[in-house]
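What follows is a single structure, written as structure tokens, with notes after it.
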Amino acid sequence: MPPRFFAPEAQATGELVMLPPEEAEHLTRVLRLGTGAAIRVFNGSGEEFESVVEATSKEAVQVRLGRPRDPAPEALLQVTLAQAVLKGDKMDDVIRDAVMIGAKAVRPVVTARTETTAAVIEKSRRQERWERIAISAAKQCGRAVVPAILEPVTFEALIDLLLQKWLAGPSIMLVEPGATKAAVPFSELDVEPPDAVTLVVGPEGGWTPEEIEAAGVVCRLVTMGRRTLRADAMGLIAIAAAFARWREF
């Protein structure tokens, strides 16, 4: 299968488009492709094209778009993963896995037990890194849509967003077994099959009692079996469970 490249400007057959610098570098320096090479180009908004490398230089790669092709289908259930920011590079894995399984968007959240701040995230340009990881994951799994990596927010701001219905569908917060008597097993949720859902996943240290109480106003509190699961695995597990319960799989 020809290698795939991300070009947000790609819109119609016959167009000449420039690959973004990182994509151009990957084509020329990593894959060592040149003029005439057959590739595929997707625009991140759902469209993909058979394409040919028209011209290359040290600074740029120009591509001619060919016939449209069908990319991997998007999930009917639109999932927003609201994930507490994790330590080190664990968040990179969460972003990658969420994109590959079919999430619509990821919202990083700074919680009471998150070991960073919004200011540090901004200064270190981690959101830009996560956006690059989302593009790379979409390339690998055949998606022509690059999920949005939304601006990081505090937990309090997330609750406000949910209260104001700025995130689509019902909201489900995953909690540890025994964290609260208000939680129900995922299998016992009495939610009608939605078109969209927000899944809220906590940090390595878990939620504070105050966060659970605040979320209970707007979220369904849910446990995932009787085991305590790793924070960096819970997002993937929760999305898979939602897809299975509401017949995406």
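Below, the figures for the structure above:
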| item | result |
| --- | --- |
| Radius 12 Å from Cβ of Gly66, net charge of other residues (Lys, Arg +1; Asp, Glu -1) | 0 |
| Taking Trp207, Trp130, Trp166 and counting other C-beta atoms within 10 Å, the order from fewest to most | Trp166, Trp130, Trp207 |
| Label selected from [x] 158; [y] 131; [z] 116, the criterion being volume of the Cα convex hull per residue in Å³ as computed here | [y] |
| Order of Asp190, Asp93, Asp232, Asp195 under a 10 Å beta carbon neighbour criterion, fewest first | Asp190, Asp195, Asp93, Asp232 |
| Spacing of the two label points (7 Å from each Cα toward its C-beta) at Asp70 and Thr180, in nm | 4.3 |
| Two-site label geometry, Lys87 and Glu192: point separation in nm, points 7 Å out along Cα→Cβ | 4.4 |
| Sorted by Cβ neighbour density within 10 Å, fewest at the top, the residues Thr111, Thr154 | Thr154, Thr111 |
| 12 Å Cα-Cα reach of Lys181 towards aspartates and glutamates, excluding residues that sit fewer than 8 places from it in its own chain | Glu213 |
| Euclidean distance of C-alpha centroids, region 126-172 and region 180-249, integer Å | 17 |
| Hits among lysines - C-alpha to C-alpha of Lys123 under 21 Å, sequence gap 8 or more where chains match | Lys87, Lys90 |
| Separation of the Glu204 and Glu50 label points, Cα + 7 Å toward Cβ, nm | 4.9 |
| FRET efficiency estimate (nearest 0.05) - Cβ-Cβ, Met100 to Val30, R0 22 angstrom | 0.60 |
| Amide hydrogen neighbours beyond the local backbone of Val184, cut-off 5 Å, H modeled | Leu221, Val222, Thr223 |
| Prolate/oblate/rounded call for region 20-101, Cα gyration tensor, a/c under 1.5 rounded | oblate |
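Any read-out appearing in this document is the output of simple, stated calculations on the displayed coordinates, not a laboratory observation. Not measured: the values here are computed from a predicted model. Virtual Cβ from ideal backbone geometry, glycine too; neighbours counted across all protein chains shown.
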